[in-house]
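Notes to accompany the following structure.
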Amino acid sequence: MESRSILEKILVIIPAFNEEENIEKLILRLKKILPLNNVLVIDDGSKDGTYNICLKYKGEGLKILKNDKNIGKGGALRRGFEYALKNHYHGVITLDADLQHPPELIKKFTEKLKTAKCDMIIGSRKKEFSKMKFDRYLSNRLTTLFLSLLVRKKLLDSQSGFRYISTKILK
């Protein structure tokens, strides 16, 4: 199965809160690698221009949900997961709106999906670890170690917002 056809069955979910500085750059980068009708931005109660910037791309297929008030990243993602299930996607890729994760790496996820049957892939911010505050770094490393032991697979970054999750897992 080629990457393009895999992407047609995957919804890219972007929770966004006050990301007017980054959201358009992210959308433009995504537009180069996949159709915008496979992208859902959940504006999580932003007080800036995030939502209005997204509206500019609605005619190109971008899907947008707006929360009236901020419900947090987890709540915004849950709303995106519900949308994916309701609309019969095979899986989702979550991506932070702050450009922390290069969207061009989505191709690595689809390559992995072509060669291995997986229900979850977690991207790693290995290069970003040195920029983290010590308490966040320590929390990430301990959680990652614990989860690695629990699932009996070496994880690199359990807290990464860059993930593929099959709808089998979402259900």
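Among residues that are in contact with a His (Cβ under 9 Å, 6 or more places away or on another chain) and surrounded by fewer than 19 Cβ atoms within 10 Å (Cβ to Cβ), K9 is included. Pairing residues of segment 115-129 that are under 24 Å from L99 (Cα atoms) with residues that are part of a loop (DSSP other than H, G, I, E, B) and modelled with pLDDT of 75 or more, at Cβ distances under 7 Å and at least 6 apart in sequence or on separate chains, gives G123/H101; G123/F162; R125/Q100; E128/Q100. Anything in segment 46-67 that is closer than 21 Å to G91 by Cα and either in a strand (DSSP E or B) or not hydrophobic (A, V, I, L, M, F, W, C) (or both)? List them, or say none. Those that are closer than 21 Å to G91 by Cα and either in a strand (DSSP E or B) or not hydrophobic (A, V, I, L, M, F, W, C) (or both): G61, K63, I64, L65. Can you confirm whether I71 is within 16 Å of the chain's Cα centre (by Cα) and either modelled with pLDDT of 95 or more or of a type outside the set (K, R) (or both)? It is false that I71 is within 16 Å of the chain's Cα centre (by Cα) and either modelled with pLDDT of 95 or more or of a type outside the set (K, R) (or both).
Looking only at residues in segment 1-45 that are within 21 Å of K117 (Cβ to Cβ) and in a loop (DSSP other than H, G, I, E, B), the one that is modelled with the highest pLDDT is K9. Filtering segment 48-71 to residues that are charged (D, E, K, R) and within 11 Å of A16 (Cβ to Cβ) leaves D48, K66.
Taken together, the residues in segment 52-100 that are surrounded by 20 or more Cβ atoms within 10 Å (Cβ to Cβ) and over 17 Å from M120 (Cα atoms) amount to 7. For segment 27-47, filtered to residues that are farther than 13 Å from E60 by Cα and among the aliphatic types (A, V, I, L, M), the residue that is surrounded by the fewest Cβ atoms within 10 Å (Cβ to Cβ) is I33. Among residues that are in contact with a Lys or Arg (Cβ under 7 Å, 6 or more places away or on another chain) and among the hydrophobic types (A, V, I, L, M, F, W, C), L11 is not included. Looking at segment 15-73, which of its residues are in contact with a Gly (Cβ under 9 Å, 6 or more places away or on another chain), of a type in the set (D, E, K, R) and in contact (Cβ under 8 Å) with a residue 40 or more places away in the chain? Matches in segment 15-73: K73 only.
The values are calculated or read from the model by the stated rules, or taken from the named source; none is laboratory data. Since we're looking at a predicted model, the values are computed, not measured. Here the Cβ is made from the backbone with ideal geometry for all residues, glycine too, and neighbour counts use every protein chain on show.
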